[in-house]
Structures are given as structure tokens and as C-alpha cells.
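Just so it is clear, none of the values below were taken in a lab; they were calculated from the coordinates. These numbers were taken from a predicted model, which means no experiment stands behind them. When we count neighbours, we look across all protein chains shown, and the Cβ atoms used for this are built from the backbone with ideal geometry, even at glycine.
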Amino acid sequence: MTTPRELLARYTSQAQLSSFFIDQIGFFSVKSYGAKGDGATDDTTAIQAAINAADAAGGGVVYFPPGTYKHTGSTVPTKITLQGAGYLVTVLNYTSATGNGITLSGSARYVSIFDMRLHSSGASTGWAISGTGGVIGEFTIDRYYISGFKNGIDIWEAINSTIGQGRLSGQGRKVAVGRGIILGEGKTKVSKT
């Protein structure tokens, strides 16, 4: 087994080390695709490029190092994990007033979201996560914090999906509005606010 020290000795540049992780474990850092995570730059194109690269490789982990990533929406296909460094230090800040922060494409399967905050500084009337284009299977979200969106998670045809530990806080109103978590296609919806 290669130790971290041996890796650093063998791969002397950030590009070489990034290439190693992509080749060996399907790991795609959004910063390798141009994301700044500085809270000011629109990182939409870089985020989607990392997701698309992971998709082209047959799936993988799209990693978000600590930072605040402004975006106007991302589409996530099958076999993609969005991995943050922790919901206190990795924030995906959706800036639009309408639309969805993350859309699960078509009949996405094996999509996971871990260790990040999904926030809408635009106070979006849409969903933080939406999967309504087909059967969504094996979806997992854990260690998350959703804030600023009118609505939380909407997966209409969810099969074998897991909603783990997390927090939904809405748009800061004293009166609850919108919906928290909806799983099912209308007949078997489970909803919490």
C-alpha cells in the first residue's frame, strides 16, 4: 500500500496528484475544474464540468473542499456522489430566486450527497434537491444542512433511498411555508416541515 508521503514524493505537482486520484479512485475535485469556492465567483460552470467528467468516467466522487460555491443550479446523473468537507465548511450557495439547486437527471440511480450545506441566498421558491423526471433509485443524503430554499427535498419516485441526519431551516420565516421532504409520487408522499 502506498503511503501519503510516498504519493507526495511521486507526484510533485497538484496536477499530477489530481490525475492520480482521478485515475485510481474516480475522485473529481471541483477546484480542478476551475471552481474558486470564494463566495463571490459564480462556480456553476466548474461544478457542472466536474459532474460531467465524473459521469463520462462512469461515475465517481465530486469533491467540494471547504468554501462557499455560488451556483445557479446543477444537474446530477447516475452514479455520482457530491462530497463536501462538512456542512459547516462546504456551502453550495444557490443564488437564483426560482428553480432548483440540484436536479437529479431523468432516472438517476446511486446518487449521494454528503457533508455539505445547500443554501439559497436568492431565497429560491424551488427545491434544494429535485428528482421528478423518473424513478430515482438508491438516493442517499446524510450530514446535510438545507437553508434559504422554500422547499427541501422532492423525489417523486424514490426507490431504496435514504435520508440521513440533517437539518432543514427554510427561509427564516416565523410561519412555516413550503415543504420539507417529499418521497413518493403523490399517493405515498411523506412530508415534514
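Let a ≥ b ≥ c be the square roots of the eigenvalues of the Cα gyration tensor of the range 72-155; is it rounded (a/c under 1.5), or, if not, prolate (a/b larger than b/c) or oblate? Oblate, since a/c reaches 1.5 and b/c is not below a/b. Peptides 81-87, 46-52, ordered by how many other C-beta atoms sit within 10 Å of their residues on average, highest first, read 46-52, 81-87. Net length available on complete extension from residue 53 to residue 143 is 29.9 nm, with 0.36 nm assigned per residue and the Cα-Cα distance removed.
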